[in-house]
Amino acid sequence: MKWKLTLRQKGLLVVAFLLGFELLLLAGLSWLLHDAQMQIDRQQKNQAVISSLQRLSTLRERATNGLMVQIQFFKDPPDSPHYYETFLKYVEGVPKELETMKSLLKDDPVNRFKGEELDRICRLGIEAIKEERRLYSYKQSLQEKAVIARLCNVMFHAARLTESLLDYYTKIEQEVSPMEEKARARLEHGIWAVILVNIALAVIAGLLFVFHITSRLSVVTQNSLKLAEGTPLNPPMAGSDEIVQLDHVFHRMAEKLAESARKERAIIEHAVDVICSIDANLRFLAVNPASQTVFGYRPDELIGTSCLDLVVPAEVEKVGARLKSIIKDQSVAGLETQLKQKSGNVIDVLWSLQWSPQENALFCVVHDISGSKEIERMKQEFVSMVSHDLRTPLSAIQGSIELFKEGMYDSNEESGKSALQKMYLSTNRLLALVNDLLDIEKLEAGKLIKDLKRTDVRDVVRKSIGSIAGFAEVHEVEVVSEAGETIIMADEDRLVQAVVNLLSNAIKFSPTGSRVVVQTELVEAETNGGDSNGIKEFLELRVVDEGRGIAEDKATKLFQRYSQAEKSDGKRGVGTGLGLAISKAIVEAHNGTIGVRSKVDEGSTFWFRIPVAGQKTSGSFGVATKATGA
């Protein structure tokens, strides 16, 4: 089982190991000390026994010699000091020394009996000495001699036992002395060994523990450097201590940072706006791929170039001064200017700028606002046009009503009828404008087409021409129909409205005395569905005029809401700019397509295609088709 230990637990384990080993060393040292002490105690005991035997032997000899001297020479009375000094004090010291000897030999099973025997013999000798003194006092010389002879025998026996014990313990002392020296040497060597081993173990354990920590801390340090350099990190560490937890947290942090960086790159790379950084000299340092869409330049074409190269000449000085000011003030600011695209077109952009002292770079987001400016301009023009188209007929109606109110006109007279006719026409203009606005709302709600049924296209063309006959007459433009019989599935009223919008547009921009021709033709087009071979038959209706034509770059925007083609003098035609957008919605609701072919000064052809009756369709609101020919 693999233990999961923290750094604190590992440190305590190292300390416990060292303490345990020190205890073992101390136990060995204690044994050596005990052995040395035993040898010392043994030697000391031997020396004490030898000393005791020597003292006993000395006392015995001196007592014997004192006795002989007293008997033969001094013959002092027993109570005299000289008797005591020469004999009696030695006799009195023998029992005490015998007790000392017996005490020393009591733990020696080999010589204890010899000691007891020596004690018995010495005591017999003392008794013999006492008896001899008694006999000496009574002047019994014969018996005294017998006692002296016995005493000599006892003394001889005691001397032999003493000599035997002395020889034994002297020999032991000679054996113990080297052992004691060896024990002392072992003890000294053991102490030094314990010290050295303890130091070595402490150093080794400390180095291992420190290496165990520092080696893994170096891995964390390497991971920090790798994270800063963007290179892969070392594999995660195994274990469960604090450094491992730190490493795992670091890996999770690196994963989060990598994920955040991926998201940031994805956002930057897929951003619609240009995101870039510029140095203090206004040169591009980094640019995202949106530059190719907004500026027309690839990022590698811009890096190292001055951002002022994109600014229109009239604003270079102003923009450069503004950017320098932002860098100097280290502020966050916005800047609106015009830039030149690679194609030469000029666009309006809004810069969001912030200087970063840490990166020593100006971070920018460039947003193309050309579309919003165009929409704003179109809205303003639309409001102006609608205001004009509302105000003009309303003013006419109001004036005519005032004149009728004042009695200036009579409805039965020719002038009154003419005024009523003008009021009628003005009212129709107002109604047409309101209808266009309502149709746009229906278009957004998806309720433009209500009823599809079989319809002859000739009826649609006839009703459409009839609806704009008065308008064509006012502009002195002839409208001619070249429509053939073709049955289609359509909402006739809405389709008439689409054709009327095309005719009105053509008449409005046609010169006086010209013709507008309505043509129909059956064409085949490739589709994504339909019959088995992917070919479907369509009716193509064309409105051809002899007007001033439309520039190619303007033609693509004609079917957008509020969009109008400008006249050659730069003025727009009268209207709301909703007619063609409504026509496009009506045609597409019939599963058709609409477009325009035009050249400047050569007239225009507005056309649309819708499926003929009897073919499968994809529903009331169809998908666009890929047309060929026409």
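At-a-glance table
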item	result
Which numbered condition LEU24 misses (of (1) modelled with pLDDT of 80 or more; (2) surrounded by fewer than 15 Cβ atoms within 10 Å (Cβ to Cβ); (3) of a type in the set (A, V, I, L, M, F, W, C))	(1)
Tally, over segment 26-75, of residues that are at positive phi and among the hydroxyl-bearing types (Ser, Thr, Tyr)	0
Which listed residue is part of a helix (DSSP H, G or I), farther than 24 Å from ASP167 by Cα and of a type in the set (Phe, Trp, Tyr), from PHE113, PHE87	PHE87
Condition check for ALA472: in a helix (DSSP H, G or I) and closer than 13 Å to VAL543 by Cα	no
Number of the condition not met by ASP348 [criteria: (1) at pLDDT 65 or above; (2) acidic (Asp, Glu); (3) not assigned by TED's automatic domain parsing to the domain that holds GLY304]	(3)
Condition check for ALA48: in contact with a Ser or Thr (Cβ under 9 Å, 6 or more places away or on another chain), among the small types (Gly, Ala, Ser) and in the same structural domain as ASP107 (by TED's automatic domain parsing)	yes
Unique residue being surrounded by 15 or more Cβ atoms within 10 Å (Cβ to Cβ), farther than 16 Å from SER277 by Cβ, modelled with pLDDT under 90 and of a type outside the set (Gly, Ala, Ser) when the list is VAL311, VAL319, VAL386	VAL386
Residue in segment 159-173 that is modelled with pLDDT of 75 or more, in a helix (DSSP H, G or I) and over 30 Å from ILE40 (Cβ atoms) present	yes
Unmet criterion (only one of (1) exposed (fewer than 14 other Cβ atoms within 10 Å of the Cβ); (2) at pLDDT 80 or above) for TYR138	(2)
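Here is a yes/no grid of residues against (1) closer than 26 Å to THR170 by Cβ; (2) surrounded by fewer than 19 Cβ atoms within 10 Å (Cβ to Cβ); (3) not assigned by TED's automatic domain parsing to the domain that holds THR162:
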residue	(1), (2), (3)
LEU88	no, no, no
VAL94	yes, no, no
MET101	yes, no, no
LEU105	yes, no, no
VAL110	yes, yes, no
LYS114	yes, yes, no
ILE121	yes, no, no
GLY125	yes, no, no
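Matching residues to (1) surrounded by fewer than 16 Cβ atoms within 10 Å (Cβ to Cβ); (2) more than 30 Å from ASN111 (Cβ to Cβ):
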position: LEU151; (1), (2): no, no
position: GLN174; (1), (2): yes, no
position: PHE211; (1), (2): yes, yes
position: SER218; (1), (2): yes, yes
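The values are calculated or read from the model by the stated rules, or taken from the named source; none is laboratory data. These numbers were taken from a predicted model, which means no experiment stands behind them. Note that each Cβ is placed from the backbone with ideal geometry, even for glycine, and that neighbours are counted across all protein chains shown.
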